[in-house]
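Since the structure comes first, as structure tokens, the remarks are kept for the end.
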Amino acid sequence: MEKFNHREINGLIDQMLQWSYDRLEGEAKSLLRLCVVCSVFKPSLENLVRYGFGLGLFQEVSSMEEARDRLHTHIRALQASALLLDSEDVGGFKIHDLVREFVASVSSRDQHPLLVLEDKVESVTELQENKLESCEAMCFPNMKELPPELNCPELRILLMATNYKSLHIPDSYFNSMRNLMVLNLAGVRLTRSPSPFQLLANVHTLCFQNCSFEDVAILGNLKRLQILSIVNSKIQRLPKEIGQLVELRSLDLSDCPELEIIEPGVLQSLTNLEELYLKQSFHHWSAGEQTQPTNASLSELNHMKKLCTLHVSIPDPRMLPDDLYVEKLTKYEIRIGKEWRWWKYCNGSRTLKLELDPFRDVLRKACIKSILDKTNGLRLNKLEGSEQSICALSRKGFPELKHLQVENSPSIHYILDCSSLPTFKPLETLLLKNLINLEKIYHNHISIESFSTLKVVRVEGCNKMEVLFPHSVVRQLPHLEEIEVARCKLMRGIVEADDDRGKLELPKLHVLKLDGLPNIGLN
């Protein structure tokens with residue numbers, strides 16, 4: 001390398017990048033350019049999906065999930081070619097500064113420059129007029145003031161963020177951006193009609209984060225809108241006008257705790273909706289049989305024949321209709337009962353949280369039975385009744401369950417009590433808390449496959465348990481990494497002693513925490 005000067009080294013790097021770039025197919029090349037835009041503005045894969053879908057980047061896909069699969073395929077290919085870096089964040093991506101600068105430089109030489117990555121308003125005003133007129137993408141990741149109204153007739157994607165909540169967008173701001181297809185605004189204040197959005201007839205993806213709304217009714221005029229995301233924002237009502245967005249594929253209203261009203265009929269009008277996200281948001285459901293409901297009802301979801309992703313909270317299980325159709329759901333996070341936080345171990349795509357007291361009858365509903373059979377994350381609180389083990393809740397033995405937490409359930413004596421099925425075969429995390437009558441994790445003989453992938457066990461406040469595992473069962477747990485036991489008054493051993501069984505090894509165990517066990521080690 002000593003034979004080359006700095007300029008020559010840069011030239012070699014550019015040649016290598018050009019070689020890799022030229023071998024990309026059109027869709028992958030467009031995605032890389034989009035990555036450069038998003039890399040300074042919340043670089044998440046979910047944003048890439050939503051922006052790419054709005055831009056029509058993914059050809060011949062019929063659903064959001066197909067687009068998501070296509071994206072992951074391209075991301076892996078771009079990482080393999082070193083145009084993207086591996087990311088520690090499962091939901092994110094990384095791009096090297098040299099690649100970002102190279103792609104930006106190549107785009108600026110194209111007939112339609114794609115990228116303007118600046119966070120200073122002054123730098124935009126210094127651009128040549130022809131650069132602005134042909135610019136297709138613009139990003140302002142940290143605005144202190146709104147850029148001037150720009151003449152950007154070719155602009156397709158605009159990302160703008162500010163920490164100044166008083167920043168207001170004038171009604172005519174998008175007048176010269178009427179071909180805009182993707183718009184993301186973060187931290188701005190949006191007032192009542194007239195609105196700048198009335199000019200965006202071609203927008204397909206519209207995203208807001210940390211924004212303040214007086215009214216969103218004007219968005220109902222954006223008839224081509226396919227993705228609408230209003231996240232972590234101040235919004236109180238979703239009006240009937242939103243029901244006019246019949247092309248909508250994805251609606252994300254997560255983390256909007258002030259959202260108290262979704263007008264009746266809005267959700268059932270969105271017949272093409274594939275994804276509905278209401279996490280930490282709206283939960284004031286009306287009963288479906290009300291003659292004059294004041295809010296949306298869960299029965300409206302049955303009109304969404306394409307719905308496959310659902311995040312929803314249902315504080316009152318009585319609002320859950322008997323005929324709620326959930327067979328089509330492939331991803332969900334459903335919380336029934338009071339609001340509570342999920343636990344850190346659960347990262348499943350199909351999670352169910354049930355607080356059953358005093359509404360134990362919810363377990364008899366067909367929709368809950370169906371969900372229990374395919375969920376991979378389950379948290380049960382206040383389970384009371386005739387069931388003495390968790391097995392009784394699943395007809396198929398929880399064939400996909402990876403994370404299980406059970407707490408405050410006095411009826412539970414055993415977790416597993418059904419030897420005929422390989423119950424809990426894929427289980428990785430088992431958390432048990434305040435189960436005052438729990439005697440054993442299992443009862444009778446269990447299948448050799450049960451608990452075979454278990455990694456984490458936490459037991460707390462289970463005062464009838466004497467031994468965590470018998471010697472024979474521990475031999476079937478080669479993947480066990482963490483054991484934590486606390487406040488179990490009768491606990492005398494983690495593994496039941498057996499002199500005839502020989503040496504016991506747990507090769508992957510690296511965490512063992514014991515606390516508040518007065519009988520530990522006593523026979």
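The values are calculated or read from the model by the stated rules, or taken from the named source; none is laboratory data. Computed from a predicted structure; not experimentally measured. A quick note on method: Cβ atoms are made from the backbone with ideal geometry, for glycine too, and the neighbour counts reach across all protein chains shown.
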Next item on the list: From the list Ser62, Ser39, Ser81, pick out the single residue that is at pLDDT below 95 and within 20 Å of Leu248 (Cα to Cα).
Entry: Ser62
Note to self: Going by what's in this entry, would Arg100 be described as among the basic types (Lys, Arg), more than 22 Å from the chain's Cα centre (by Cα), surrounded by fewer than 21 Cβ atoms within 10 Å (Cβ to Cβ) and at pLDDT 85 or above?
What the structure shows: yes
Item checked: Odd one out for Phe174, checked against (1) touching a helix residue (DSSP H, G or I) at 6+ places or on another chain (Cβ under 6 Å); (2) closer than 23 Å to Leu310 by Cα -> (2)
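Conditions tested, residue by residue: (1) free of Cβ contacts under 8 Å to residues at least 40 places away in the same chain; (2) out of contact with any His (no Cβ under 7 Å at 6 or more places or on another chain); (3) surrounded by 17 or more Cβ atoms within 10 Å (Cβ to Cβ).
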residue: Leu454; (1), (2), (3): yes, no, yes
residue: Cys462; (1), (2), (3): yes, yes, yes
residue: Leu490; (1), (2), (3): yes, yes, no
residue: Gly493; (1), (2), (3): yes, yes, yes
residue: Leu504; (1), (2), (3): yes, no, no
residue: Pro507; (1), (2), (3): yes, yes, no
residue: Leu512; (1), (2), (3): yes, yes, no
Check: What number goes with the only condition from (1) farther than 27 Å from Ser134 by Cα; (2) without any contact (Cβ under 8 Å) to a residue 40 or more places away in the chain; (3) outside any helix (DSSP H, G or I) that Ala82 does not pass?
Finding: (2)
Notebook entry, point to check: Given the stretch 448-518, what strands (runs of 3 or more DSSP E) lie entirely inside it while holding 2 or more residues that are over 22 Å from Cys391 (Cβ atoms)?
Noted result: 482-486, 493-495, 511-515
Notebook entry, point to check: Can you tell me which residue in the stretch 184-239 is modelled with the lowest pLDDT, limited to those that are assigned to a loop (DSSP other than H, G, I, E, B) and aliphatic (A, V, I, L, M)?
Noted result: Val188
Note to self: Given the condition over 29 Å from Thr351 (Cβ atoms) and hydroxyl-bearing (Ser, Thr, Tyr), answer yes or no: does some residue in the stretch 450-457 qualify?
What the structure shows: no
Notebook entry, point to check: Since Leu276 meets every condition but one in (1) hydrophobic (A, V, I, L, M, F, W, C); (2) in a loop (DSSP other than H, G, I, E, B); (3) crowded, with 18+ Cβ neighbours inside 10 Å, which condition does it not meet?
Noted result: (2)
Check: Quick one: which of Asp86, Asp69 is at pLDDT 85 or above and under 18 Å from the mean Cα position of the chain (by Cα)?
Finding: Asp69
Note to self: For the stretch 359-377, give me the residue count where each residue is surrounded by fewer than 19 Cβ atoms within 10 Å (Cβ to Cβ), touching an Asp or Glu at 6+ places or on another chain (Cβ under 9 Å) and not charged (D, E, K, R).
What the structure shows: 4
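Residues checked against (1) out of contact with any strand residue (DSSP E or B) (no Cβ under 7 Å at 6 or more places or on another chain); (2) at negative phi; (3) surrounded by fewer than 17 Cβ atoms within 10 Å (Cβ to Cβ):
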{"site": "Asn272", "(1), (2), (3)": "yes, yes, yes"}
{"site": "Gln280", "(1), (2), (3)": "yes, no, no"}
{"site": "Gln292", "(1), (2), (3)": "yes, yes, yes"}
{"site": "Thr309", "(1), (2), (3)": "no, yes, no"}
{"site": "Pro321", "(1), (2), (3)": "yes, yes, no"}
{"site": "Leu329", "(1), (2), (3)": "no, yes, no"}
Next item on the list: Filter the stretch 466-488 down to the residues that are surrounded by fewer than 20 Cβ atoms within 10 Å (Cβ to Cβ) and closer than 17 Å to Asp515 by Cα, then identify the one that is nearest to the chain's Cα centre (by Cα).
Entry: Glu482
Item checked: For Asp322: the one exception among (1) among the charged types (D, E, K, R); (2) touching a helix residue (DSSP H, G or I) at 6+ places or on another chain (Cβ under 8 Å); (3) at pLDDT 95 or above -> (3)
Checklist line | Failed item in (1) buried (at least 22 other Cβ atoms within 10 Å of the Cβ); (2) within 24 Å of Arg189 (Cα to Cα), with Glu263 passing the rest | finding: (1)
Next item on the list: Residue by residue through the stretch 401-443, note down the ones that are buried (at least 18 other Cβ atoms within 10 Å of the Cβ), at pLDDT below 85, in contact with a strand residue (DSSP E or B) (Cβ under 9 Å, 6 or more places away or on another chain) and not in a strand (DSSP E or B).
Entry: Asp417, Cys418, Thr423, Phe424
Next item on the list: Six or more apart or on different chains, Cβ under 8 Å: which pairs go from a residue in the stretch 58-75 that's more than 16 Å from Glu46 (Cβ to Cβ) to one that's modelled with pLDDT under 95? Could you list them?
Entry: Gln59/Glu27
Next item on the list: For Phe398, work out the one condition from (1) in a loop (DSSP other than H, G, I, E, B); (2) over 22 Å from Leu356 (Cβ atoms); (3) not basic (Lys, Arg) it doesn't fulfil.
Entry: (2)
Check: Taking interchain pairs and intrachain pairs at least six residues apart, which have beta carbon atoms under 8 angstrom, with the first residue in the stretch 204-217 and within 20 Å of Val49 (Cα to Cα) and the second hydroxyl-bearing (Ser, Thr, Tyr) and part of a helix (DSSP H, G or I)?
Finding: Thr205/Tyr51
Note to self: Restricting to the stretch 19-66, give me the number of residues that are of a type in the set (D, E, K, R), buried (at least 18 other Cβ atoms within 10 Å of the Cβ) and more than 18 Å from the chain's Cα centre (by Cα).
What the structure shows: 2
